[in-house]
1. Does any residue of region 80-98 turn out to be closer than 23 Å to residue 420 by Cβ and either within 16 Å of the ligand (Cβ to nearest atom) or in a loop (DSSP other than H, G, I, E, B) (or both)?
2. Look through region 392-413, keep the residues that are acidic (Asp, Glu) and more than 15 Å from the ligand (Cβ to nearest atom), and return whichever of them is nearest to residue 196 (Cα to Cα).
3. Among the numbered conditions (1) at pLDDT below 95; (2) in a strand (DSSP E or B); (3) among the polar types (S, T, N, Q), tell me where residue 219 comes up short.
4. Filter region 132-144 down to the residues that are more than 9 Å from the ligand (Cβ to nearest atom), out of contact with any helix residue (DSSP H, G or I) (no Cβ under 7 Å at 6 or more places or on another chain) and in contact (Cβ under 8 Å) with a residue 40 or more places away in the chain and list them by number.
5. Which members of region 200-236 meet the condition of being within 16 Å of the ligand (Cβ to nearest atom) and acidic (Asp, Glu)?
6. Test residue 41 against the criterion of being modelled with pLDDT under 65 and either out of contact with any Lys or Arg (no Cβ under 9 Å at 6 or more places or on another chain) or buried (at least 18 other Cβ atoms within 10 Å of the Cβ) (or both), and give yes or no.
7. What's the number of the condition residue 416 fails, among (1) closer than 27 Å to residue 194 by Cα; (2) under 18 Å from the mean Cα position of the chain (by Cα)?
Amino acid sequence: MKRFLDGRPARGAVLAGRPTGEFDKVNSKPDVSADINSNMKSADTLDMTRRLVSIDTVSRGSNLELVEFVESLLDDHGVQALRVPSDDGVKSNLVATIGPDEAGGIILSGHTDVVPVDGQPWSADPFDPWVADGRLFGRGTCDMKAFIAAALVALPRMKSLRRPIHLALSYDEEVGCLGAPRMIDRIAAELPPCRAAIVGEPTGMQSVCAHKGIVALRTRVTGYETHSSQTHRGVSAVMIAARLVTFLDDAAARLAAECTAQTGFEPPYTTVHVGVIRGGTAINIVSRECEFVWDIRAIREADAKTLLDAFEMYCRDEILPEMRRRHAGAGVATEILARAPAFEAAADSPAVELVQRLTGLGGSRKVSYAAEAGLFDAAGIPTVVCGPGSIDQAHQPDEYIALDQLDAIDGMLERLIALQQSVHQAA
Ligand SMILES: [Zn+2]
């Protein structure tokens, strides 16, 4: 599909606004992708993945350049897309229906955003993908632009459909599934009932029937500053925060110790983790401020609720009264930054069965990372996670997707299109 390459902006334009100097030396190596293209079945998907990766969609920025690009491709095929934007209009979800406005559609769902590359030791520019050793390297290659690329490349083949194929592209998945809820609300309200949603996160094309939920939180402790020789008059935000972190660590240890069932997750229990802590100004000042961010990755929603309730009670009944005895203005405030529900497909899920038939790969497994499947499932749409590439390479420096995974997703989509074209509903 040569025109995608023709439409690609000059490298200078793609890289504008990004610090690129450090990659220049490595990027001068010859790119062998042209040779590989001619030998690959999925050359079009490779080209399209490169095109999508070259559009920087790190979650902190806008994804609108990518959205516009996809809109124009859809437009080439006479498909109208619906934007479901963020409140500030800087980002947007995109929903499109290919085929008739009928029930029995299959949703192909992908997030457009990628995680940052800051501080990671990349061998070359993460947004100028390169091919080596049978792999395509670049930020977002496996998580999860190859899946989106394969769906876009398949558009010309999505002809004479008896039942629709829907594209559902979200923003801000990587920062806690912030964009998808409003998109899924519109899908649930406005599309005819769908047969399945396939969330194309990297699973090596295996069916994933469950993922953990996530609650991301920030806790801010406000103490009272004094000279550090006068600890009896101050309230140390750092030392209060340390107690709260210890409370969470104890809770995490308890959840691990109490876990007896084989839940199928790795690890098999709900986890609690503090990722960042910042506070204090000097060794001789009782600290006024300390904050930490933390997450709960829960097997079931009840675990998250129990833990949040216990944390709140500990703050209210033990920590706060003690702080306020020393200074009335001291306090602890916790806010939820993001939340996505756990996902568990029904034992006889039609979505899992569908994908197993399409891929020819039996069995299904559970994963510990959060994804958007719980949101689709909660909206009453049978859901499965299945996509090309491995989660082991996601979020890593030199993220890559093996080229044979591109063949695999192309093959699955070919069978999916045939299914939606067939007279009979059964796969
Ligand atoms: Zn992802």
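1. Within region 80-98 (the criterion being closer than 23 Å to residue 420 by Cβ and either within 16 Å of the ligand (Cβ to nearest atom) or in a loop (DSSP other than H, G, I, E, B) (or both)), the answer is yes, since at least one residue qualifies.
2. Step one: of region 392-413, the residues acidic (Asp, Glu) are 392, 398-399, 404, 407, 410.
If we keep only those that are more than 15 Å from the ligand (Cβ to nearest atom) as well, we get 398, 404, 407, 410.
Values: 398: 33, 404: 25, 407: 22, 410: 18 Å.
Restricting to residues being acidic (Asp, Glu) and more than 15 Å from the ligand (Cβ to nearest atom), the top hit is 410.
3. (1)
4. Matches in region 132-144: 132, 137.
5. Residue satisfying the conditions is 201 alone.
6. no
7. So the condition that residue 416 fails would be (2).
Every residue, every condition in (1) among the aromatic types (Phe, Trp, Tyr); (2) outside the structural domain of residue 223 (by TED's automatic domain parsing), yes or no:
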| site | (1), (2) |
| --- | --- |
| 306 | no, no |
| 311 | yes, no |
| 316 | no, no |
| 320 | no, no |
| 325 | no, no |
| 328 | no, no |
| 352 | no, yes |
| 356 | no, yes |
| 364 | no, yes |
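The values are calculated or read from the model by the stated rules, or taken from the named source; none is laboratory data. Only a predicted model underlies this, so the values are computations on that prediction, with no experimental measurement involved. Note that we place each Cβ from the backbone using ideal geometry, even for glycine, and neighbour counts take in every protein chain shown.
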